Amino acid sequence: MDIVCRKYSCVYNEKAKCTRKNLSVDKKADCSDLKVDDSKLVEDVSLDMFEHEPDVAPYHHCRNMNIMCGNNKCIFNENGECFSNGIFVGSEKDSAPCNSYAPR
């Protein structure tokens with residue numbers, strides 16, 4: 001499973017990849033392990049996004065990452081675990097929603 005995270009201010013975010021070993025998604029389909037570090041430098045790619053591609057970590061399959069999901073209405077939730085091929089965590093002001101959420 002590959003995890004793409006757009007919440008760059010999270011302490012576990014390294015070049016758009018999540019570095020946690022275990023991840024939890026709550027009933028609202030938000031990342032409940034979010035830890036924002038307001039002092040973390042976040043690259044602003046909007047200034048030169050058409051001049052070069054942003055610096056992101058290479059794809060790597062997270063075979064040993066467990067994603068616990070509290071939203072039992074998602075089609076990828078099987079007995080409290082996420083069985084999607086990968087998830088995309090978005091970035092909102094105060095949350096990090098699981099944008100891979102798909103209702104049954």
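A full extension of the chain between residue 35 and residue 99 corresponds to an added length of 21.2 nm, given 0.36 nm per residue minus the alpha carbon distance. Going from the fewest other Cβ atoms within 10 Å to the most, the residues 41, 34 appear in the order 41, 34. Extending 7 Å from Cα along the Cβ direction at residue 26 and again at residue 11 yields two label points whose distance is 1.8 nm.
The slack in the chain from residue 85 to residue 1, taken as 0.36 nm per residue of separation less the alpha-carbon distance, amounts to 29.7 nm.
All of the numbers you see were taken from the coordinates with simple rules; none came from a lab. Owing to the predicted nature of the structure, the values given are computational and were not obtained by experimental measurement. Note: ideal-geometry Cβ built from the backbone for every residue, glycine included; neighbour counts use all protein chains shown.
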